[in-house]
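The values are calculated or read from the model by the stated rules, or taken from the named source; none is laboratory data. This one's a predicted model, so the numbers in the text were calculated from it and none came from an experiment. Here the Cβ positions follow ideal geometry from the backbone for every residue, glycine too, while neighbour counts run over all protein chains shown. Note: accessible area is taken over every heavy atom of the protein model, side chains too, but ligands, DNA and RNA are not part of it. Shrake-Rupley method; radii C 1.70, N 1.55, O 1.52, S 1.80 Å.
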Amino acid sequence: QQIQEDLNKQLLDNLVSFLSRSHSDFQEKTTEWTCRMKFREIPTAALVLGVNVTDHDLTFRGLSDVLQDNITPYVALLEAKDCSGIKHLMQKLMGQLMNCDVDVDSLEDEDCVQASQNRIRCSMPSLISWYESVTKKTGSETPSKKRNSSSRHWQSPPVVVIFKDMESFTTKVLQDFIVISSQHIHELPLVLIFGIATSPMIIHRLLPHSVSSLLCIELFQSLSCKEHLATIIDKLLLTTRFPFKLGEKVLQVLINIFLYHDFSVQNFIKGFQLCIVEHFFSQPLSVLCCHLVDIKKRVYSLSNDQCENIRRLPSFRRYVEQQESGKQIELLTNDNFLKEETEKLLEDLHVYHENYVSILRCLHVFTSSLPKYPLGKQIRELHCACLENRVWETEEYESSLQLARMLNKTDLVTMLQQCVEILMSSSGKKFDKTVGKLKEFLTQFQNLEAEASQERDVSVSSQKELQKKTDLYHLQKTLLELKESRRSKKLTKFEMLRFEVVDYIDRLVRKYLVPADNMALHEIVYFNTAALLRGHLNAAPRTALHTALNNPHWYLKNQALKCDGGGISNKAPDICIVYKLHLECGRLINLVDWLEAFSTVVTAAEEPNGDAASSDQVDDLIHARFIRAVSELELLGFIKPSKQKTDHVARLTWGGC
């Protein structure tokens, strides 16, 4: 939440500044406001938020809170689903502003306020009269507790109307509201904010020029959702502040859902929260997923069963196999010795994460500056590649090294300086020698500049001597010598130093960017169950519907509904019986035959009743149940009425799930 507030801070500050300017113009009745009033222009902010619609609510809530704290207590947030007509729009607007019930049917009347204090007529004159009355009141006479006219609010604060999803509003509703509002702009300091998911051009597509010319529009652009996600990953995952980590496959699932489904940062965070819940619920050793200072206390409070759980971990078993026989026996039989070793391994795992993050950022400095981005432009792509396997064994890494060996001196020096800053700010304790080595490289590059200037002077003098040799024989001999020297040309000092720098970075990568799967006890802090997460987040509605209707016992856990061999239980819900019968039919289903089959299944376990009157009542009840079940199937999209035969329905779904 703090990260998202920081990311939106610049946008919200710009909007507050815009509203302050619009408000001050009205407050002071300046020349600008007078000119705008003559043209009946309404100050309007076009807020482009991107296609990640599910994230917009958080932005608008933050905007509303900021406006109410700093500018005006009168803020209304409107959604298209609540504003199907101008009456409903005015109802919602005045209801939010006045915090009371309003009378929609009285919209056509021009009276200001009804006798009842809780019933207000929905009209622009009513809104203006209410605004004039509340702005004349003192701080103790505010309309609600939320809207206290404290010193931070101006004497005549603006009325801000936010259209959260402008694309979804009908053209007529927007046109009518803008035209009506422009006629009263000299009486009511109205400011509009359009929430736009696509492009600012939607304003001109929805509104004709005669209406859009009534708006004084200023454009505001929020951060892209990809930049937002990159910051979230950088601050939440690539940090040592939080011991919990995501495995490569789990992280890839969350990123794929983000990129290919909704671009929603909120949904990414919900998926991350789900991973935390699943990990601490299903991993019995998750109690050890804690900060470094708490490790010792928690390790020595482990029970015998938890010690056995540690011994069962695959990574710990691999670690035991690498030890000598005496230590193996101690680890497998002595709980106290196991706890000491567990504490050491968990501390090593924390140190590994500190070093991993720092070197990963250094590697990203190099790879993100290369053409074609073999390892990806974003650090999340590089992080996934390092988690998946040994990154130095991939073709993309080899391509990156080859490209890095062709970088110019300016780029190399800039990258080395960035790496020095990263390592010096790192919490890792093993980088003093590394920082010293990188600074040594920077010094050598500086020395090369002085040597290069001297070499240029020598080459210029040699060319002048060559020009002096006018004899053909000597000239040809000199040219042949130059040609041979170029063929057997040795690497320059700069090229040798560049190779040395790249090789040193390569050694750091091989040492510190080992996949987490190779670390002992990584299961304690890493969540790797991607299939479980995919089952929760990647919904398969047709499969779930088929399972519920074909086998209701799966969800209801009622033994009476359990059927073997594909039979149909008469105790199943009516829609389940109708669904299983419809699976046995072809493209067209005869409703009469379907009803008879349904009646046969339902009355299978009932004794025959000789009373004709009661039998007719039973038939009517079964008929009603059948009609309701068929209507529910039609609502779910399994069947539809057929135009070919009136007493038939068409089946719409085929194939198994």
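Within segment 548-573, being farther than 18 Å from E584 by Cβ, assigned to a helix (DSSP H, G or I) and among the polar types (S, T, N, Q) holds for one residue alone: Q559.
Being in contact with a strand residue (DSSP E or B) (Cβ under 7 Å, 6 or more places away or on another chain) and open to solvent by 20 Å² or more (accessible area, probe 1.4 Å) holds for only one residue in E187, E218, E248, and it is E218.
Of the numbered criteria (1) more than 24 Å from the chain's Cα centre (by Cα); (2) surrounded by 18 or more Cβ atoms within 10 Å (Cβ to Cβ), the one S210 fails is (2). Do we find that C585 is in contact (Cβ under 8 Å) with a residue 60 or more places away in the chain and closer than 30 Å to I627 by Cα in this structure? Taking the combined requirement at face value, the residue satisfies it.
With the structure loaded, tell me whether V509 is in a helix (DSSP H, G or I), open to solvent by less than 90 Å² (accessible area, probe 1.4 Å) and either at pLDDT 85 or above or outside the structural domain of F272 (by the TED database) (or both) or whether it fails that test. Steps first, answer last, please.
Working: in a helix (DSSP H, G or I): yes; open to solvent by less than 90 Å² (accessible area, probe 1.4 Å): yes; either at pLDDT 85 or above or outside the structural domain of F272 (by the TED database) (or both): yes.
For V509, the condition - in a helix (DSSP H, G or I), open to solvent by less than 90 Å² (accessible area, probe 1.4 Å) and either at pLDDT 85 or above or outside the structural domain of F272 (by the TED database) (or both) - is met.
Taking each residue of segment 388-412 that is in the same structural domain as I359 (by the TED database) and looking for partners that are modelled with pLDDT of 90 or more and not in a helix (DSSP H, G or I) with beta-carbon atoms closer than 8 Å, six or more apart or interchain, yields E388/P515; N389/P515; R390/V514; R390/P515; V391/L513; W392/L513. A Cβ distance below 7 Å, combined with a sequence gap of six or more or placement on separate chains, defines the contacts here; from segment 537-559, residues that are at negative phi reach residues that are assigned to a loop (DSSP other than H, G, I, E, B) and of a type outside the set (V, I, T) in the pairs R542/C657; T543/C657; H546/C657; P552/A572; P552/P573; H553/K562.
Is it fair to say K344 is basic (K, R), open to solvent by 60 Å² or more (accessible area, probe 1.4 Å) and assigned to a helix (DSSP H, G or I)? Considered against the rule, which asks whether it is basic (K, R), open to solvent by 60 Å² or more (accessible area, probe 1.4 Å) and assigned to a helix (DSSP H, G or I), K344 comes out as yes.
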